[in-house]
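Right, one structure below, let's go through it.
The values are calculated or read from the model by the stated rules, or taken from the named source; none is laboratory data. The model shown is predicted, which means the values in this text are computed figures rather than measured ones. No Cβ is skipped: glycine too gets one built from the backbone with ideal geometry, and neighbour counts run over all protein chains shown.
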Amino acid sequence: MIKRIWRAAGVGGLLVALAAGPFPAHAAADEPAAKEAPKVELVLDVSGSMRARDIDGRSRMLAAKRAFNEVLDATPDEVRLGIRTLGANYRGENRKRGCEDTERLYPVGPLDRTEAKTAVATLAPTGWTPIGPALLGAADDLEGGDASRRIVLITDGEDTCAPLDPCEVAREIAAKGTHLVVDTLGLIPDAKTREQLVCIAEATGGTYTSVQHTDELSGRVKQLVDRAADPAATPVATEGADRCADAPGLKAGLYTDRERFGEHRWYRVDVAPGQELRASVSVGADRAVNNDYGVLLRAVTTHGREIVRGSEAGDGRTDTISTGLRYPKAPQDAQGSEEPPAETVCLQVSNSFSAPASVKTTPGMPLELTVDLVDSPDEPSDVAAFGLGRGWWMLGVLVLTGLLAGLLWGWITRWRITVWRTN
């Protein structure tokens, strides 16, 4: 009988919870309008130099194909993805023809993974390296609509079709104001290739990554495709200063910069009373670095007093190291009608990276700084993980109510059975 009572109590609690509904009744009405699907085009270098066998004992072309297969399997369904090649068809010495050798291998649109993999499987290292024309073609492929758009360029060498400078092409793309981002990945890059790819990425607010291994290539491309699918913000290029007084003022958003080995960079953020500053930084080791390194993010006052800090350290090969901090600014008592002044908080980003003597330390390593300003709540949040009323306490009330209702129903049932047997 006791088991029946507790079973009835559990059923009663579940019914009450379901009746109350795990989500607010007005949720459907408040749903935002469907966003346009993000677009990504992968631009792959298929020039003759991709035959080199220096990535995990495989050719650069084979490593790229393997990475592409992994990326295609992991691409979110909502992403409209396309593939463009450069240097895939013409084997001759005619410069004009070689610099026109770029084509759309797979159109930007809903992804048919089998079809896209089949197209990639047919590629073989062939010709020239027309990066500039390929970027222009990719920009045309992604044209139209208001969705986020991203070009991911994978190459092992610098452009061979000057005077059409790919860095100037990237600047022209950025000048159109279409918010098209170009990210670049260099396969075993030399100094000239690295310099050119960094310039292309910086011109459009993108990122540059040096790739030495297959898993690094697939992992980074996956990250960039995922970023297009769910962009937290459009990265904005900025340049930190040597001291807070000269630092750029930042608002909430995502910022990119470059930091030299062992450098300190400063940025300023105005935090109003009642707001909480949340900041995080990631520094990418885009080249070989020595063991034992760290990243420090400090929030200090304009007078140099430390408010809070976050730090992270590592030992061994890494791609990125990140840390963050939070600083809640206490609300000011409401006295008078004047708007209380904001506090200027100085953010300092430092790193302790070092590199072997054979590694160039310029340009600096890529840095991403995220700044968020949120209203500090005076009481616990009204939103719980399940969207219930005023949070977890409401869930507890529902469970307790259901339990009591179940117990009551169980005792009533037991009483009715006893009366029926007596009669």
Restricting the search to segment 173-194, which residues are surrounded by 16 or more Cβ atoms within 10 Å (Cβ to Cβ) and part of a helix (DSSP H, G or I)? ILE173, ALA174, THR193, ARG194
Among residues of segment 90-140, those that are among the polar types (S, T, N, Q), closer than 25 Å to GLU168 by Cα and in a loop (DSSP other than H, G, I, E, B), counted: 2
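If you go through segment 242-257, how many residues are over 17 Å from the mean Cα position of the chain (by Cα) and modelled with pLDDT under 90? Talk me through it step by step, then tell me what you get.
Taking segment 242-257 as the starting set, the residues that turn out to be over 17 Å from the mean Cα position of the chain (by Cα) are 242-251.
If we keep only those that are modelled with pLDDT under 90 too, we end up with none.
Going through segment 242-257 one residue at a time, the tally reaches 0.
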Restricting attention to segment 57-74, does a residue exist that is in a loop (DSSP other than H, G, I, E, B) and either outside the structural domain of SER218 (by TED's automatic domain parsing) or modelled with pLDDT of 50 or more (or both)? yes
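Being within 26 Å of PRO235 (Cβ to Cβ) and either modelled with pLDDT of 90 or more or not β-branched (Val, Ile, Thr) (or both) is true for just one of PRO133, PRO163. Which residue is that?
On the way: PRO163 fails: within 26 Å of PRO235 (Cβ to Cβ).
Exactly one residue qualifies, and that residue is PRO133.
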Pairing a residue in segment 94-120 that is in the same structural domain as GLY137 (by TED's automatic domain parsing) with any residue that is polar (S, T, N, Q) and part of a helix (DSSP H, G or I), where Cβ atoms lie under 8 Å and the two sit 6 or more apart in sequence or on different chains, gives LYS117/ASN69; VAL120/ASN69
Candidate set: segment 276-330, residues that are of a type in the set (Ser, Thr, Tyr) and surrounded by 16 or more Cβ atoms within 10 Å (Cβ to Cβ); chosen: the one farthest from HIS264 (Cα to Cα): TYR327
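Taking into account only those residues within segment 56-99 that are of a type in the set (D, E, K, R) and under 19 Å from LEU164 (Cα atoms), which is surrounded by the most Cβ atoms within 10 Å (Cβ to Cβ)?
As a first pass, look at segment 56-99 and keep what is of a type in the set (D, E, K, R): 56, 58, 60, 65-66, 70, 73, 77-78, 80, 84, 91, 93, 95-97.
Now restrict to residues that are under 19 Å from LEU164 (Cα atoms): 84, 93, 95-97.
On the way: ARG84: 25, GLU93: 9, ARG95: 12, LYS96: 7, ARG97: 14.
Among those that are of a type in the set (D, E, K, R) and under 19 Å from LEU164 (Cα atoms), it is ARG84.
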When the residues of segment 186-203 are filtered to those that are hydrophobic (A, V, I, L, M, F, W, C) and in contact with a helix residue (DSSP H, G or I) (Cβ under 6 Å, 6 or more places away or on another chain), which remaining residue is modelled with the lowest pLDDT? ALA203
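Which one of ALA170, ALA174, ALA116 is among the small types (Gly, Ala, Ser), modelled with pLDDT of 90 or more, in contact with a helix residue (DSSP H, G or I) (Cβ under 7 Å, 6 or more places away or on another chain) and over 24 Å from ARG51 (Cβ atoms)?
Values: ALA174 fails: modelled with pLDDT of 90 or more; ALA116 fails: over 24 Å from ARG51 (Cβ atoms).
It is ALA170.
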Of everything in segment 246-266 that's surrounded by fewer than 18 Cβ atoms within 10 Å (Cβ to Cβ) and of a type in the set (Gly, Ala, Ser), which residue is farthest from ASP375 (Cα to Cα)? GLY262
